[in-house]
1. So V214 clears everything in (1) among the hydrophobic types (A, V, I, L, M, F, W, C); (2) surrounded by fewer than 21 Cβ atoms within 10 Å (Cβ to Cβ); (3) in a strand (DSSP E or B) except one condition, right? Which one?
2. Name the helices (runs of 4 or more DSSP H) wholly within the stretch 74-171 that hold at least 3 residues that are touching a residue at least 24 places away in the same chain (Cβ under 8 Å) and in contact with a Gly (Cβ under 9 Å, 6 or more places away or on another chain)?
3. Has the stretch 126-149 got any residue that is more than 26 Å from R103 (Cβ to Cβ), among the hydrophobic types (A, V, I, L, M, F, W, C) and surrounded by fewer than 21 Cβ atoms within 10 Å (Cβ to Cβ)?
4. Considering A149, A188, which residue is under 21 Å from L225 (Cα atoms), under 23 Å from the mean Cα position of the chain (by Cα) and of a type outside the set (F, W, Y)?
5. Given (1) over 16 Å from C137 (Cα atoms); (2) open to solvent by 50 Å² or more (accessible area, probe 1.4 Å), identify the lone condition not met by S20.
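The values are calculated or read from the model by the stated rules, or taken from the named source; none is laboratory data. Just so it is clear, the model here is predicted, and its values are computed rather than measured. Because the Cβ atoms are built from the backbone with ideal geometry, glycine has one as well, and the counts that use them run over all protein chains shown. Side chains included, ligands, DNA and RNA excluded: accessible areas come from the protein's heavy atoms. Shrake-Rupley method; radii C 1.70, N 1.55, O 1.52, S 1.80 Å.
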Amino acid sequence: MAKPEETKGGGMPDPVLSSSECITLLGGGAVEAACLDLAMKHAPRVVAADGGADHALRFGVMPEAVIGDFDSITPKTRETLPEERLFPVAEQDSTDFEKCLQRLRAPLVIGVGFLGLRLDHELSVLNTLVRYSAQPCLLLGQEDVAFAAPAALDLDLAVGTRVSLFPFMPVRGESRGLEWPIRGIDFAPGGRIGTSNRATGAVRLSFEGAGMVVILPRACFGAALAGLTG
């Protein structure tokens, strides 16, 4: 695996890892073994975002690549990892999560260790999901799963399941299978949001553009995975 050459002129950088399989991306936030095991069951290739490498080694996992500005990874972990698996990105204009999504190519990235700790970090991560939605990413936390909504999405949900829609850009959409339909609503940050809606059965969502983040209970991981990869 060669070190990527940064593109010039504001383009996307060359990928660190391109895979036909889904990739588990391990962050530096709260990580429990059950979350990591569940992610790796569906996404066996593991990449770490900076300090996420410490979690990887703690759970006995050797990441294929570590990407970030390396301000969080411990010296011991950095010394343990083979040099060819380290991909430092020095610029400070993006977060480690952004750096990773810019440099991964996969059918889906499953992010573990990005939800559930500092609120500012979590908001930044959700914003990044929308900004880099060309690379599908499903975040798996201890309480919730979250992802940027594609143009159309089918979710096999049980009646009464919480379905929260939070816009990070102005966006309109349509729904089927929600207790409170969203057709005709102008969603926007600082304006109308759609949290704590409920499924009346199988849900279909469609949106006129990018900008919506879908948040579901963690028990809906399988439904979200199927919806994003189906």
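1. Condition (2) is where V214 drops out.
2. Filter on the stretch 74-171 gives 96-103, 119-131.
3. Within the stretch 126-149, none of the residues are more than 26 Å from R103 (Cβ to Cβ), among the hydrophobic types (A, V, I, L, M, F, W, C) and surrounded by fewer than 21 Cβ atoms within 10 Å (Cβ to Cβ).
4. When all the criteria are applied, what remains is A149.
5. The one condition S20 does not meet is (1).
This table checks each residue for (1) among the hydrophobic types (A, V, I, L, M, F, W, C); (2) touching a His at 6+ places or on another chain (Cβ under 9 Å); (3) crowded, with 16+ Cβ neighbours inside 10 Å.
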residue: D69; (1), (2), (3): no, no, yes
residue: F87; (1), (2), (3): yes, no, yes
residue: A90; (1), (2), (3): yes, no, no
residue: R103; (1), (2), (3): no, no, yes
residue: P107; (1), (2), (3): no, no, no
residue: R118; (1), (2), (3): no, no, no
residue: L123; (1), (2), (3): yes, no, no
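A quick yes/no check of all residues on (1) at negative phi; (2) modelled with pLDDT of 95 or more:
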{"residue": "E84", "(1), (2)": "yes, yes"}
{"residue": "T95", "(1), (2)": "yes, no"}
{"residue": "L104", "(1), (2)": "yes, yes"}
{"residue": "L115", "(1), (2)": "yes, no"}
{"residue": "N127", "(1), (2)": "yes, yes"}
{"residue": "A151", "(1), (2)": "yes, yes"}
{"residue": "G160", "(1), (2)": "no, yes"}
{"residue": "V163", "(1), (2)": "yes, yes"}
{"residue": "G177", "(1), (2)": "no, yes"}
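Residues are listed down the side, and each one gets a yes or a no for (1) closer than 29 Å to F207 by Cα; (2) of a type in the set (K, R):
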| position | (1), (2) |
| --- | --- |
| T24 | yes, no |
| M40 | no, no |
| P63 | no, no |
| E83 | no, no |
| R103 | yes, yes |
| A106 | yes, no |
| V109 | yes, no |
| G116 | yes, no |
| N127 | yes, no |
